[in-house]
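Contents: one structure, followed by commentary.
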Amino acid sequence: MAELEIIGVPLSNYVRSVRMLCEEKGVAYTLNPAMPHSPEVKAIHPAGQVPCMRHGEVALFESKAIASYIDRAFPGPKLIPEDTVGAAQCEQWVSFGNVKIDRWIMREFVVPSVFFDKAKGPDTAKIAAALPEIDKVVKALDDGLARTGHLVGDKLTYADLNVLPMLVACGLFPQGKAILEKYSNVSAFIARLTERPSFKNTAPPPRK
């Protein structure tokens, strides 16, 4: 059988969520830690973003498409429900994660807190403006987790794996950690899922 290749830097939250899906399913894969906009990535993704995937003659970009392919193409527990309601709910929460959580936690908070002009310092106004929006999206997740501790049904799905790396990144900063700690369901979710082997086995190397 053709080798499954995940392409993208391990620090990327979306690369990690796809790798976690592989780990949860017991799917063997190789990680090609290519940078965004590198030749390997641009050969697949028209915008040069990660993750990308190759599996034999199949090449895909965008994390949800990659996750859907792997979940259907390989044996192991289903991480994307097959029933109509469960599939729609998984799509709903993945979309919410990609549109709202990624924007406010990663792009408007984490990235400007880490990557900035050393001479100018971080954009504190931008970071401060993101905090109330982060509170809103974390509350929405907390409400979604209230019934079972999972976003879809009572089992782990890709919807959970998709948001976990973003929440963990948020908690690395005091202001983000304070927001997460306000919400007991989210806090319990993070504590429980970060103990899973799939999370530990996909930890990115420390930043230099």
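Side notes on the structure shown:
- Extension gain for A191-L11 works out to 62.8 nm (0.36 nm per residue, less the C-alpha to C-alpha distance).
- Of the chymotrypsin sites (Phe, Trp or Tyr not before Pro) found in segment 92-144, the ones in coil according to DSSP and having at most 12 other Cβ atoms within 10 Å of their Cβ are F115.
- Pairs beyond 18 Å (Cα-Cα), from K118/K177; K42/K118; K25/K155; K78/K100; K64/K177; K100/K136: K118/K177; K42/K118; K78/K100; K64/K177
- Beta bridges per DSSP with both ends in the chain, % antiparallel, nearest 5: 75
- Karplus-derived 3J(HN,Hα) values for segment 68-75, using 6.51 cos²θ - 1.76 cosθ + 1.60 with θ = phi - 60°, are 4, 4, 4, 5, 8, 7, 10, x Hz; glycine and proline are entered as x.
- Cut-off under 5 Å, modelled amide H: who pairs with I80 long-range: Y158
- Here the 3J(HN,Hα) profile of segment 150-155, calculated from phi with Karplus coefficients 6.51, -1.76 and 1.60 at θ = phi - 60°, is 10, 6, 10, x, 10, 10 Hz, Gly and Pro shown as x.
- Whole-Hz Karplus values for segment 92-107 come out as 4, 6, 5, 5, 4, x, 6, 8, 9, 5, 4, 4, 7, 7, 7, 7 Hz, taken residue by residue from phi with 6.51 cos²θ - 1.76 cosθ + 1.60 and θ = phi - 60°; glycine and proline positions read x.
Each reported figure results from applying straightforward, stated rules to the coordinates on display, with no laboratory input. This structure is a prediction, so every number in the text was calculated from the model and none was measured. With ideal geometry, Cβ positions are generated from the backbone for all residues, glycine too; neighbour counts draw on all protein chains shown.
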